[in-house]
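Presented below is the structure to which this report refers.
The values are calculated or read from the model by the stated rules, or taken from the named source; none is laboratory data. Note that this is a predicted model, so its numbers are computed, not measured. Reconstructed Cβ throughout: ideal geometry from the backbone, glycine too, with neighbour counts over all protein chains shown.
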Amino acid sequence: MATRSDTARSRTTLFGFDWLTVALVLGGVLCLYYLAPLVSLFLSVPPGEILARMTDSTVVDAATTSLLSASISATVATVFGLPLAYWLARSESRWTNAVLGVVVLPLVLPPTVGGIVLLTVFGPGAPIGKAAASAGVPLTRSLAGVVLAQTFVASPFVVVTAKAAFEGVDRTLEHASRSLGKGRWTTARNVTLPLAMPGIAAGVTLTFARAMGEFGATMMLSYYPRTMPVQIWVSFIELGLDNAYPIAILLLLISVAALAVLNTVAANPWQ
Amino acid sequence: MTLVVDEVYKSHGAFELGPIDLAVDEEVLSVLGPSGCGKTTLLSTIAGTVTPDAGTISLDGLDLTGRPPEKRGTVLVFQDGALFPHMTARENVAYAASSEGRVEELADALEIGDVLDQRADTLSGGERQRVALARSLAADPDALLLDEPLANLDAPIKRRLRDELRPLLASLDVPVVYVTHDQREATAIGDRLAVIADGELLQLDTPDEVFSHPATPFVASFTGSTNLFRGDVVEAGTGRALDWNGRRLDAAIGGATIGDTVRFCIRPEYVMLASDETRNSFNGAITRQVFEGDGYLLDVVPDGGDEAVRLALSPPAYERAGLDERDRVRIALPADAIHVIGEGGGRTHETPSLSE
C-alpha cells in the first residue's frame, strides 16, 4: 500500500512541485496577460485628462450612438430570437440542426465578411437598399445601418444562450401546465419564460455587449454615425493612440458592467 | 362519465403497448405493473402528451384522441409532483383554480394550510404531493390520472397518504386511473385492478379476484402468489385432484381433464402448519427463513421433493410453533386456496424469482 500511494503522489508533482501549483502558475501567467494591458491603459492617461475628454462632443456622440444602437439591436435580437430559441429547444423537427447551423453562422463568419454580405442586400446599389433609401430610410451610413450590422453579428448570442435556458426547463412542468388546462402560450408565459429568465437575461446581456463592441460589419455598412469602436479607429488613425484612450476606457467600463450583470441577475453561461 | 380506452396501440422502438381496451366509470382503476411495462405510456396517451399509433380515447362519448392536453379535461398528477418551482404552494394550487375560495377549501382538505406560502421548491416530498393533488383537483378534472404519485415517498408518509387518498379519490365521482408498481398501493386504492406487463393487459378485475384468481403465472407472482408449481390432473369431475411430484393434492382444477399438465399457485399466507390428519399435508424441512418485520417467510422443501413451498406466518403464529431454521415441519396446502391458472398471455413475461 505504501509504495502505491508513493507512486500516486509522484505523478501529481512536476520537478518537485505539486501539479496544482504548476497549474496555478501557468494559469496565472495567462491571467496577467489579460489584466496587465488593462491596468496599463488606465495608467497611460492621467485620470483628469480622461474625465476632461469624456465631455468631448465626438466622445459623447459616439457613446450615444453606440448605446442607442446596441439597445435597439439587443431588443430586435430578443424579439425575433426568443421564439426561435424556444422552437429550437422544443421542436422535434429534423430541421433543428440545420436551423441552428444558420444561427451560428454569423458567429463564425469574420465580421467584415458579414458587412460585405449585408452590403449586397442593403447597400445603396442593391434593390432593397435602393428602395429604402428612396423612401427616406437609408440602410447604410445611418443608425439603421448600425443596427443591421450589430443585429447580424450579435443576435446569435441571445438565440444560443436562450435555447440552452429553455432546454434547462423540465418539460414535465410544461406537460403539467397543459394538463391543467392551459394552452401553449399561457404555459410558455407562466412557466417556461420565468424559469428560463436568468439564461435569457444572460443572452440579452451578451448580445448587448457584443453589439457595443461591433466594429467590422459596422465599418462596412455604416461608417457614420460613428459608434464607439469606429470612433476609436478614426481617432487612432487620424490623431494617434493617445486620442483613442478615453473611448477605449469607456468601452472597457461597459464590458465590466456587462460582466457584473452576468454574475448577478443573469445566469452566468460559463458556470 | 366514462373514460374509454379503445384498442390503443403505441410502439416505440422494440417496445409495444397494447392494443389495450379499458372502460373506467366513476371509479378508481389501479393499473399495476413493473417498471417499463407501458403503464406510464398508457396514462400519457390518455392525458394527451403521447399520441397513440392506433386506437381512440374518449371521455363521456367525446373523442379525445387528437385533442391537445389542455382541451381534454383530463388532469395528470406526476410522480414527483411537477410543481412550478418558481411559485409558492398557493400559486401552484391557484394556477388553474376557479376561485380563491376553492384554493382554501382544497388546502383544508389536503392539510397544506401551513405551507401554502412557501415556495414550492422548499417543500418536503409528502407536502409536494399534497400540493400537487390540490392543484390537480382545483382544475376540476373530468378524469384524474395519477402516475405513481407516492413512489418517491418515505414509507410512513406513503402509507398515510395512501390511506387518505382512497376516500378522497372515491369521492370525486369522475374516472380515476391510478398507476403504480406497488401491489399494496394498487389494491388499497383501486376499486378495480388492471395488471399490465410488457405492454399487454393481462387481467382486469376487482383486487380480490386478481389476488385470489390470477389469470396468468405473471399476475400470480407479481401480486405475491409466489408458490407457482406444475401438476398433472389425476382426477376430474367430482373427485378433482392433482399429482404434484408424486404427491396427491385435492384441488379445484377448473376445466382441465385427466392427463393435463397444469400450473397452479397458492399464496404464502394460505399455506398452513398442519397436523398429520390434515388434507393435502406433508412433511418437509425448513431451508430458509426471513423475518420481514410484520411476519416470517419460511421456505419448506417437502421430503423427496426439490421445489420449496413458501409460507408466511404472523409473528405470534411463528412463536407459537416454536420454529427454528432447519427444523422439520408438516405443512398443508388447503384445497380451496389452490388456484389452477392457464399459461396465459400472448407474449412471454419473465416471472419474478422466488427469492425476491
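Brief remarks on what is shown
- A count restricted to segment B:233-266 and to residues that are outside any loop (DSSP other than H, G, I, E, B) and within 26 Å of B:ALA312 (Cα to Cα) stands at 13.
- Within segment B:261-293, tally of residues that are closer than 20 Å to B:ASP324 by Cβ, exposed (fewer than 15 other Cβ atoms within 10 Å of the Cβ) and in contact with a helix residue (DSSP H, G or I) (Cβ under 8 Å, 6 or more places away or on another chain): 0
- Only one entry of A:THR78, A:THR64, A:THR58 meets the criterion of being β-branched (Val, Ile, Thr), at pLDDT 95 or above, closer than 30 Å to A:ILE247 by Cα and not in a loop (DSSP other than H, G, I, E, B), and that entry is A:THR78.
- Taken over segment B:138-163, the criterion of being under 20 Å from B:GLU26 (Cα atoms) and free of Cβ contacts under 8 Å to residues at least 40 places away in the same chain is satisfied by B:ARG162, B:ASP163.
- Among residues of segment B:49-66, those that are without any contact (Cβ under 8 Å) to a residue 60 or more places away in the chain, touching a Leu at 6+ places or on another chain (Cβ under 7 Å) and not hydroxyl-bearing (Ser, Thr, Tyr), counted: 1
- Per-region count, segment B:219-240, residues more than 25 Å from B:ILE258 (Cα to Cα) and under 12 Å from the mean Cα position of the chain (by Cα): 5
- Restricting segment A:167-184 to residues that are aliphatic (A, V, I, L, M) and in a helix (DSSP H, G or I), the residue that is nearest to the other protein chains (Cβ to nearest Cβ) is A:ALA176.
- Scan segment B:42-99 for residues that are part of a loop (DSSP other than H, G, I, E, B) and within 14 Å of chain A (Cβ to nearest Cβ) and the total you get is 23.
- Yes/no for A:ALA211 being over 22 Å from A:LEU67 (Cα atoms) and surrounded by 24 or more Cβ atoms within 10 Å (Cβ to Cβ): no
- Scanning segment B:243-253 for residues that are touching a residue at least 40 places away in the same chain (Cβ under 8 Å), out of contact with any helix residue (DSSP H, G or I) (no Cβ under 6 Å at 6 or more places or on another chain) and surrounded by 16 or more Cβ atoms within 10 Å (Cβ to Cβ) yields B:ARG247, B:LEU249, B:ILE253.
- Only one of the numbered conditions (1) closer than 29 Å to B:ALA23 by Cα; (2) under 22 Å from the mean Cα position of the chain (by Cα) is not met by B:ALA134, and that is (2).
- Filtering segment B:250-270 to residues that are more than 21 Å from B:THR216 (Cβ to Cβ) and hydrophobic (A, V, I, L, M, F, W, C) leaves only B:ILE258.
- Among residues of segment A:185-199, those that are more than 8 Å from chain B (Cβ to nearest Cβ) and in contact with a Pro (Cβ under 9 Å, 6 or more places away or on another chain), counted: 1
- Qualifying residue in segment B:79-89 (condition: farther than 30 Å from A:MET197 by Cβ and in contact with a helix residue (DSSP H, G or I) (Cβ under 8 Å, 6 or more places away or on another chain)): no
- For segment A:86-131, a residue qualifies if it is within 30 Å of A:THR192 (Cα to Cα), in a helix (DSSP H, G or I) and over 16 Å from the mean Cα position of the chain (by Cα), and the qualifying residues are A:TYR86, A:TRP87, A:LEU88, A:ALA89, A:ARG90, A:THR96, A:ASN97, A:ALA98, A:VAL99, A:LEU100, A:GLY101, A:VAL102.
- Which numbered condition B:THR88 misses (of (1) of a type in the set (Val, Ile, Thr); (2) under 17 Å from A:VAL191 (Cα atoms); (3) under 31 Å from the mean Cα position of the chain (by Cα)): (3)
- Scanning segment A:45-82 for residues that are exposed (fewer than 12 other Cβ atoms within 10 Å of the Cβ) and either farther than 19 Å from A:ARG141 by Cα or among the small types (Gly, Ala, Ser) (or both) turns up A:PRO46, A:PRO47, A:GLY48, A:LEU51, A:ALA52, A:THR55, A:SER57, A:VAL79.
- Of the residues making up segment B:107-138, those that are surrounded by fewer than 21 Cβ atoms within 10 Å (Cβ to Cβ) and within 14 Å of chain A (Cβ to nearest Cβ) are B:ARG119, B:ASP121.
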